[in-house]
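Here the structure is laid out as structure tokens; the discussion comes afterwards.
The values are calculated or read from the model by the stated rules, or taken from the named source; none is laboratory data. Fair warning: this is a prediction, and the values are worked out from it, not measured in the lab. Glycine gets a Cβ as well: all are built from the backbone with ideal geometry, and neighbour counts include every protein chain shown.
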Amino acid sequence: MDSRYTRQIQLTDFGPDAQEKLSQSRVLVVGLGGLGLPVLQYLNAMGVGTLGLMDQDRIELHNLQRQVLYSEKDVGKPKLDVAHEKLIGQNSNTAFKLHDSFLVRENAIEIIRDYDVVVDATDNFPTRYLINDACVILNKPFVYGALHGFEGHVSVFNHGAGPTYRCLYPTMPSSEEIPNCNENGVLGVLPGIIGTLQALETVKLISGVGEVLSGQLLVFDGLQQRFAKIGFSTNPKNKEIKNLQDKYHDVDCRVIDSINPEDFQSLREQETIQLIDVRTPQEYQKHHLEEALNVPLDTLEALPKIINPEKEVYFICQSGKRSEMAIRRIQDSYAHIKLVSVVGGMDQIKATCP
């Protein structure tokens, strides 16, 4: 056994047998952000044999306050490539499988089938429900982590006869009910705490050491430095899923016209454009593009008074999500006008076109 693992092998309740189980295990981590990185760093350091890395995002400057594996020189690079390179440097004995994609209905079963445990390190409800359903179908446990302001949640779903994610959250919330991360934010250290707890649950699942958080939601209050456990039971109907749903988004799937930041900046230099900033007034006041008119997402009824129906209209927000939401809300009423979302929003404008 590799001497690098001596300190944990020496533990009476862990030992060489548990270490061998880690070395033979295969873990998929979905999402290489604030939660996924500490999970990967600890599982990699502790000797998990095969780690699957899955993401298709690029590193942005605002990621760095919580995604501490990345550095300033990595901004603009694919998270998958940077994380892989640095994890190899941490432990060259690990076998890495790279999945250069997001987890979607079309690839979930095929990818998850090859792993023993799935770690949900995502930040959106549709992917969590997709992970849950795929894991139920394939009889795989998954380790859940989520962030809510100064609070973090951890649990283990579909472990043996234990409950699934749908037993705790039966119905996916609508897009209108989901808090916007650009407005609510996240304290940089919190993902590190929750991600580390997810790594611990993963190790316990694989090794059989300790009590797994199955049927229990661990809630961490960062402001009060307080932990609480909430118990919940299994709904047998949720263990009977045989097929994935037709879709995992509560919004329609119509294509939205978009423009990347570089082309958008070139267009601005060539002509006067109609630009609507759908962020809150507070965000708009902090920093906005000179020609942008502020029409917050919840006041889109003001739009007819300020746009020229003969020209395309560009929409921008902080990250690109709310601008897409704005277009979806109004595209039926403005079918005769080309509505275009600026990919990556103000974050990407500042990162790529300072």
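The table for this structure:
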read-out	value
Matching residues, region 108-133, being at pLDDT below 95 and among the polar types (S, T, N, Q)	THR122, ASN124, THR127
Matching entry among ALA228, ALA199 (being under 21 Å from GLY33 (Cβ atoms) and either in the same structural domain as VAL136 (by TED's automatic domain parsing) or in a loop (DSSP other than H, G, I, E, B) (or both))	ALA199
Test: residue in region 19-27 that is in a loop (DSSP other than H, G, I, E, B) and either under 16 Å from the mean Cα position of the chain (by Cα) or modelled with pLDDT of 95 or more (or both)	yes
Search result, residues across region 85-103 that are without any contact (Cβ under 8 Å) to a residue 40 or more places away in the chain and either farther than 14 Å from LEU37 by Cα or out of contact with any Leu (no Cβ under 6 Å at 6 or more places or on another chain) (or both)	GLU85, ILE88, GLY89, SER92
Selection within region 129-169 - under 18 Å from ILE111 (Cα atoms) and of a type in the set (Asp, Glu)	ASP133
Some residue of region 232-239 being at pLDDT 90 or above, in contact with a strand residue (DSSP E or B) (Cβ under 7 Å, 6 or more places away or on another chain) and farther than 30 Å from ARG128 by Cβ	no
Check on GLU271, of a type in the set (Asp, Glu), touching a helix residue (DSSP H, G or I) at 6+ places or on another chain (Cβ under 8 Å) and under 16 Å from GLU312 (Cβ atoms)	no
Residue satisfying all of: in region 94-104; part of a loop (DSSP other than H, G, I, E, B) and either modelled with pLDDT of 95 or more or among the small types (Gly, Ala, Ser) (or both); farthest from VAL203 (Cα to Cα) among these	SER101
Positions within region 299-326 being at pLDDT below 90, more than 21 Å from the chain's Cα centre (by Cα) and hydrophobic (A, V, I, L, M, F, W, C), in sequence order	LEU300, ALA302, LEU303, ILE306, ILE307, ALA326
Qualifying residue in region 328-341 (condition: modelled with pLDDT of 90 or more and assigned to a helix (DSSP H, G or I))	no
Members of region 50-72 that are within 22 Å of LYS350 (Cβ to Cβ) and either in contact with a His (Cβ under 6 Å, 6 or more places away or on another chain) or part of a strand (DSSP E or B) (or both)	ARG58
Qualifying residue in region 52-67 (condition: in contact with an Asp or Glu (Cβ under 9 Å, 6 or more places away or on another chain), closer than 14 Å to THR202 by Cβ and at pLDDT 95 or above)	yes
1 or more residues among the aromatic types (Phe, Trp, Tyr): qualifying strands (runs of 3 or more DSSP E) within region 105-166	142-148, 151-157
Some residue of region 261-277 being aromatic (Phe, Trp, Tyr), assigned to a loop (DSSP other than H, G, I, E, B) and either under 30 Å from THR164 (Cα atoms) or modelled with pLDDT of 90 or more (or both)	no
Boolean, ILE349 is surrounded by 15 or more Cβ atoms within 10 Å (Cβ to Cβ) and either in a loop (DSSP other than H, G, I, E, B) or charged (D, E, K, R) (or both)	no
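This table checks each residue for (1) in the same structural domain as ILE131 (by TED's automatic domain parsing); (2) under 19 Å from GLN90 (Cβ atoms); (3) surrounded by fewer than 17 Cβ atoms within 10 Å (Cβ to Cβ); (4) in contact (Cβ under 8 Å) with a residue 24 or more places away in the chain.
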residue	(1), (2), (3), (4)
PRO38	yes, yes, no, yes
GLN41	yes, yes, no, yes
LEU51	yes, yes, no, yes
GLU60	yes, no, no, yes
GLN67	yes, yes, no, yes
LYS73	yes, yes, yes, no
GLY76	yes, no, yes, yes
